[in-house]
Every structure is written in structure tokens, then in C-alpha cells.
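Undergrad: Have a look at the structure that comes next, please.
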Amino acid sequence: MIGISDLSLATGHHVLDLAQLAQANGTDPAKYRVGLGQDEMSVLAPDEDVVTLAASAALPLVQRHGTDRIRTLLVATESGVDQSKSVGVWVHRLLGLPSSVRTVELKQACYAGTAGLQAALGIVARDPRQQVLVVAADVARYDVDTAAEPTQGAGAVAMLVEADPALLAIDPVSGVHTADVDDFWRPNDHASAVVDGRLSVSAYLDALTGAWDDYRAQGGHGIEEFARFCYHQPFTRMATKAHRKLAQHTGAALDEALLEPTTRYNRRLGNSYTASLWAALASLLDDPTDLTGERIGLFSYGSGAVGELVTGVVRDGYRDHLRAEDNLRVLDERKPVDLATYRALHAAAGARGSEDHDVPVATSAPFRFAGVRNLARRYEGVAGA
Ligand code: COA
């Protein structure tokens, strides 16, 4: 039995209340709160990026479990900061991992965290003594004054994958689906994603039914054996759309109220791309309802497009291994920004490119981006964080 033993959340230093964005662009705030299911979005400080998010999410895992058994570090992201060097190599150094670790970055839009989990399951199956550190981390960024602007955000979730897992044992069967769709992508010379929002919603739902059909064809469990579903949440209302689609597709009566505990973190993070599904899982497990022995379906979607339905069973005693207070704290401790400050941060992000520059200290996270020297990005620990 192999699965997830620990889950830890990190996000940006700032938060924008979406009511401010609604007020500024003349939108009814209920469109964001109810129509999209979003209350807030995380905004990065100038000295934060996907490396600092990933390292900050993973640090508590390393502190709790040590590094002796970790021989693989997989960082999944579509917000990479270099065309060659993996985000994971900086994270490896910031965490103080030993040199006897393989490290790589994975990319396929919001799906890659699930690819990382699958790779980790395979590695542990081959040698159950090993642990794999999987980090899903992203900064969701669209152009301002677009329909997608309220669906930005940022976050990272670190997972420890091992044999005899403490939280969730992943079932051997999963359902997969790939189709070449131009619903969302980010060309190499673009700082923001290009998106056809409506196509992305329909491509997501097609991938869900495709992955479900494949899951069943591979001998997966019947719909009645699932207690809960977690869905990738580019905006949390998308989980409702997905749940309705699955109910219609399978003919089952699925209770939409059971989705609410999966949406609490993402309502506040905004979209965190490949971290979003795992933030939904953390949110569900951190809820006081006891899910011991229950089967959970996890649907992962990455535009372009790849979907996968992964399923797992919640382990006995899982509540002793949760980080509910810490996960809430990273959301509660964000510093609010007004619209003008958020817009200024949005405009400045990455504007200096690879020219030499220093970035002043702003974040209170454990790690920060310190600037660029000789084309190389520099990262450092934050004293006292
Ligand atoms: N009160 C409550 N709900 C309201 C409302 C109000 N005053 N005004 C609108 N709404 C509802 C709409 O009815 C709609 O609900 P529905 O989807 O159940 O029909 C919802 O709010 C969104 O409104 P819509 O007009 O469709 O939004 P939009 O055109 O501004 O854009 C996205 C929505 C998701 C397409 C856009 O934010 C986007 O492109 N995001 C990025 C891509 C993305 O996240 N894709 C998801 C799949 S990966």
C-alpha cells in the first residue's frame, strides 16, 4: 500500500479581496463570490516566485520526517523560471536535501502534480524503503482587465509519498485522458497565459468523462463506492460543474453539498494551477468530519489537455498527521493589498528579466528570491522566518 503521508500548503505574502476588483470594474461582487466561487486571491511579493513557494511548502515535511529516506524530489509547475534548470534544484538546496537525490521539474499545465504523484508511486513500488517528495506549485497569472483576471492566485502543496502512508492510500487503478486542445497555454515569450475560458470549461468536462470511462474500463470502482470527490478548481464553482457532469454521465445522484469542504482553501488562494487539486484534498482532510476508511476520487485536469482520475482510501488515524492549523495560518497571515498595489505588483512581476538586479526583502516566508547576478537567479533563506 503506497500513498500520501503528509500534505503542507504555502502561498504568497499578499491577498486581494475580490470585492475590490469587482468594485473597480463595475461587476456585481456576487459574480465572483457565487458565480465563480472565489472570495480572494493570493498575490506574490516581489521576492517570491514558484521556487520560494515550493520550498516553503516542503520545509515542514522535511522538518517532520527528516531527509534520510528522500531520494527523489519532483516539482510540478507551469510557472517555471528557467528553460533548462529545474525549479527543484533550487528547492533541493534551500531545503538542505542530501546530494544523493534525483531532482526534476514536470510540466503539463495544471495536471503535472498528478504526474508527479504517479511517478512517485512507481518509485516507491520498486523500492518501498524510499520516500518521494512531490511539490505542486504555481502562480496563476492572466492579463488585467480580462474575464480571467479574478481567477488568478498562487499556491504550493508539498506531499510526502511513501509505503504504508499516514493519510491516503492510492488505489492501483486510475483513469487517464489526453486530447490536443488549444484552451489555455503560455507561449515562451508571454508572461501571462493565453486562455479561451469557455473552451477550457468544456475541455475540462470532456476530460472528466473520458477519464471516468477509462477508469471504469480499467476495472476501477463503481460510483457508489465513493464518499467524496475532489476536483481541480481553477475557480471553486468549477467543482460543482464537474460534479454535475459526473452525476449526469454516471446516472448517480451525487450530493453537491459534500463539495464545500474541498473548496475552503481554494476560495481564498485563487487558482494555484497544479497545486489546486491537492489544496482541495488538504482542505477536505483538514475538515473535522471523520473520513477514516472512505474512498475519495481526485480529478486532475491540465489544459492542453490531460485529465486523470486518481482514487484512494483514507487511512486509520489520519487525523493525527494533519496540519489544519498551519494550513489555515498561511492563509490568515497574508497581508491585504488594495487594487492599486496588486496592479503595480502584477505589472512589475518579472519585468527585470535576466538583467543583474537585487530584490529587497519583502516576504515573511522562509525563503526568498534575492535577484539576478550574471544571468543566474539567486535564492536565500529569510532570517527569523
Ligand atoms: N451573481 C451570481 N452569479 C453570477 C452573477 C451574479 N451577479 N453574474 C454572473 N454570474 C455567474 C454566471 O451565471 C456564470 O455561472 P455559470 O458558469 O454557472 O453559468 C458565472 O457567474 C461566470 O460568469 P460568466 O459570464 O460565464 O464569466 P466570464 O465570462 O466573466 O468568465 C471564466 C468566466 C471562467 C471563463 C473566466 O474567468 C476565465 O476565462 N478564467 C480562466 C480559465 C479557467 O479558469 N478555466 C477553467 C477550466 S481550466
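The values are calculated or read from the model by the stated rules, or taken from the named source; none is laboratory data. Computed from a prediction, not measured in an experiment: that's the story for all the values here. For neighbour counting, all protein chains shown are included, and Cβ atoms are generated from backbone atoms with ideal geometry for every residue, glycine included.
Undergrad: Return yes or no: is His357 surrounded by 14 or more Cβ atoms within 10 Å (Cβ to Cβ) and either in the same structural domain as Ala55 (by TED's automatic domain parsing) or out of contact with any Phe, Trp or Tyr (no Cβ under 8 Å at 6 or more places or on another chain) (or both)? Spell out how you get there, then give the answer.
TA: On the way: surrounded by 14 or more Cβ atoms within 10 Å (Cβ to Cβ): no; either in the same structural domain as Ala55 (by TED's automatic domain parsing) or out of contact with any Phe, Trp or Tyr (no Cβ under 8 Å at 6 or more places or on another chain) (or both): yes.
Spelling it out, it is not the case that His357 is surrounded by 14 or more Cβ atoms within 10 Å (Cβ to Cβ) and either in the same structural domain as Ala55 (by TED's automatic domain parsing) or out of contact with any Phe, Trp or Tyr (no Cβ under 8 Å at 6 or more places or on another chain) (or both).
Undergrad: Suppose we keep only residues that are in a helix (DSSP H, G or I) and among the polar types (S, T, N, Q) within the range 1-39. Which one would you say is nearest to Thr114 (Cα to Cα)? Please lay out each step first, then the result.
TA: Just the residues of the range 1-39 that are in a helix (DSSP H, G or I), to begin with: 18-25, 29-36.
Then drop every residue that is not among the polar types (S, T, N, Q), which leaves 20, 23, 25.
Details: Gln20: 34, Gln23: 37, Asn25: 36 Å.
Result: Gln20.
Undergrad: Still on this structure, I have one more. Tell me which residues, restricted to the range 109-123, are in contact (Cβ under 8 Å) with a residue 12 or more places away in the chain and surrounded by fewer than 24 Cβ atoms within 10 Å (Cβ to Cβ).
TA: Across the range 109-123, the qualifying residues are Ala109, Ala115, Gln118, Ala119, Leu121, Ile123.
Undergrad: Among Ala125, Ala158, which is more than 16 Å from the ligand (Cβ to nearest atom) and either of a type in the set (Asp, Glu) or touching a Leu at 6+ places or on another chain (Cβ under 9 Å) (or both)? Steps first, please.
TA: Details: Ala125 fails: either of a type in the set (Asp, Glu) or touching a Leu at 6+ places or on another chain (Cβ under 9 Å) (or both).
Step by step, each of Ala125, Ala158 is checked, and only Ala158 is more than 16 Å from the ligand (Cβ to nearest atom) and either of a type in the set (Asp, Glu) or touching a Leu at 6+ places or on another chain (Cβ under 9 Å) (or both).
Undergrad: Considering only the range 347-381, how many residues are in contact with a helix residue (DSSP H, G or I) (Cβ under 9 Å, 6 or more places away or on another chain) and not aromatic (Phe, Trp, Tyr)? Explain how you work it out, then say what you get.
TA: Here is the first cut: in the range 347-381, the residues in contact with a helix residue (DSSP H, G or I) (Cβ under 9 Å, 6 or more places away or on another chain) are 363, 365-369, 377, 379-381.
Among the residues that remain, those that are also not aromatic (Phe, Trp, Tyr) are: 363, 365-366, 368, 377, 380-381.
Residues meeting the conditions: 7.
Undergrad: For Thr67, all conditions in the list (1) over 25 Å from Arg352 (Cα atoms); (2) under 17 Å from the mean Cα position of the chain (by Cα) hold save one; what is the number of the exception?
TA: Exception for Thr67: condition (2).
Undergrad: Please go through the range 300-327 and pick out each residue that is within 23 Å of Arg268 (Cα to Cα), within 17 Å of the chain's Cα centre (by Cα) and among the hydrophobic types (A, V, I, L, M, F, W, C).
TA: Ala324
Undergrad: Right, next: Of everything in the range 88-106, what is among the β-branched types (Val, Ile, Thr) and either over 18 Å from Ala383 (Cα atoms) or without any contact (Cβ under 8 Å) to a residue 24 or more places away in the chain (or both)? Give them in sequence order.
TA: Residues of the range 88-106 among the β-branched types (Val, Ile, Thr): 89, 91, 101, 103-104.
Correct list: Val89, Val101, Thr103, Val104.
Undergrad: Are any residues in the range 259-308 within 16 Å of the ligand (Cβ to nearest atom) and at positive phi, and if so, which ones?
TA: Correct list: Gly270, Tyr273, Gly304.
Undergrad: Report, by residue number, each residue of the range 60-85 that is buried (at least 22 other Cβ atoms within 10 Å of the Cβ) and touching a helix residue (DSSP H, G or I) at 6+ places or on another chain (Cβ under 7 Å).
TA: Matches in the range 60-85: Leu73, Leu74, Val75, Ala76, Thr77, Glu78, Ser79.
Undergrad: Can you tell me how many residues in the range 239-249 are under 20 Å from Gly312 (Cα atoms) and touching a residue at least 24 places away in the same chain (Cβ under 8 Å)?
TA: Result for the range 239-249: 3.
Undergrad: For the range 268-308: of the residues being assigned to a loop (DSSP other than H, G, I, E, B) and free of Cβ contacts under 8 Å to residues at least 60 places away in the same chain, which is surrounded by the most Cβ atoms within 10 Å (Cβ to Cβ)?
TA: In the first step, residues of the range 268-308 are kept if they are assigned to a loop (DSSP other than H, G, I, E, B); the result is 271-272, 287-294, 303-305.
Of the ones still in play, those that are also free of Cβ contacts under 8 Å to residues at least 60 places away in the same chain are 287-290, 292-293.
Numbers: Asp287: 16, Pro288: 7, Thr289: 11, Asp290: 10, Thr292: 11, Gly293: 11.
Checked the range 268-308; the qualifying residue surrounded by the most Cβ atoms within 10 Å (Cβ to Cβ) is Asp287.
Undergrad: Take the conditions more than 16 Å from Thr52 (Cβ to Cβ) and in contact (Cβ under 8 Å) with a residue 12 or more places away in the chain and apply them to Leu375. Does it pass? Walk me through it before giving the result.
TA: On the way: more than 16 Å from Thr52 (Cβ to Cβ): yes; in contact (Cβ under 8 Å) with a residue 12 or more places away in the chain: yes.
Yes.
Undergrad: Residues to consider are Asp68, Asp28; find the one that is more than 16 Å from the ligand (Cβ to nearest atom), at pLDDT 95 or above, of a type in the set (D, E, K, R) and more than 24 Å from Gly302 (Cα to Cα). Walk me through it before giving the result.
TA: Details: Asp28 fails: more than 16 Å from the ligand (Cβ to nearest atom).
Residue meeting the stated conditions: Asp68.
Undergrad: Looking only at the range 180-238, count how many residues are free of Cβ contacts under 8 Å to residues at least 24 places away in the same chain, among the small types (Gly, Ala, Ser) and within 16 Å of the ligand (Cβ to nearest atom).
TA: Selection size over the range 180-238: 1.
Undergrad: Same structure, new question: Taking Asp316 and the conditions (1) touching a strand residue (DSSP E or B) at 6+ places or on another chain (Cβ under 9 Å); (2) away from the ligand (no atom under 16 Å from the Cβ), which numbered condition does it fall short on, given that it satisfies the others?
TA: (1)
Undergrad: Still on this model: Can you tell which of His221, His232, His249 is over 25 Å from Gly153 (Cα atoms), at pLDDT 95 or above and either among the acidic types (Asp, Glu) or in contact with a strand residue (DSSP E or B) (Cβ under 7 Å, 6 or more places away or on another chain) (or both)? Step through it out loud before you land on a result.
TA: Working: His232 fails: over 25 Å from Gly153 (Cα atoms); His249 fails: either among the acidic types (Asp, Glu) or in contact with a strand residue (DSSP E or B) (Cβ under 7 Å, 6 or more places away or on another chain) (or both).
Answer to the selection: His221.
Undergrad: I've got another one for you. Might you check whether a residue that is exposed (fewer than 14 other Cβ atoms within 10 Å of the Cβ), touching a Ser or Thr at 6+ places or on another chain (Cβ under 9 Å), charged (D, E, K, R) and not in a loop (DSSP other than H, G, I, E, B) occurs anywhere in the range 323-332? Explain how you work it out, then say what you get.
TA: Initially, the range 323-332 is screened for residues exposed (fewer than 14 other Cβ atoms within 10 Å of the Cβ), giving 325-326, 329, 332.
Now restrict to residues that are touching a Ser or Thr at 6+ places or on another chain (Cβ under 9 Å): 326.
The next check asks that each one be charged (D, E, K, R); those that pass are 326.
Filter once more, so that each one left must be not in a loop (DSSP other than H, G, I, E, B): 326.
Looking through the range 323-332, at least one residue is exposed (fewer than 14 other Cβ atoms within 10 Å of the Cβ), touching a Ser or Thr at 6+ places or on another chain (Cβ under 9 Å), charged (D, E, K, R) and not in a loop (DSSP other than H, G, I, E, B).
Undergrad: Scan the range 239-258 residue by residue and report those that are under 30 Å from Glu78 (Cα atoms) and away from the ligand (no atom under 15 Å from the Cβ).
TA: Leu246, Leu258
Undergrad: For the condition over 25 Å from Glu294 (Cβ atoms), surrounded by fewer than 17 Cβ atoms within 10 Å (Cβ to Cβ) and β-branched (Val, Ile, Thr), what is the one hit in Thr178, Thr240?
TA: Working: Thr240 fails: over 25 Å from Glu294 (Cβ atoms).
Result: Thr178 is the single residue among Thr178, Thr240 that is over 25 Å from Glu294 (Cβ atoms), surrounded by fewer than 17 Cβ atoms within 10 Å (Cβ to Cβ) and β-branched (Val, Ile, Thr).
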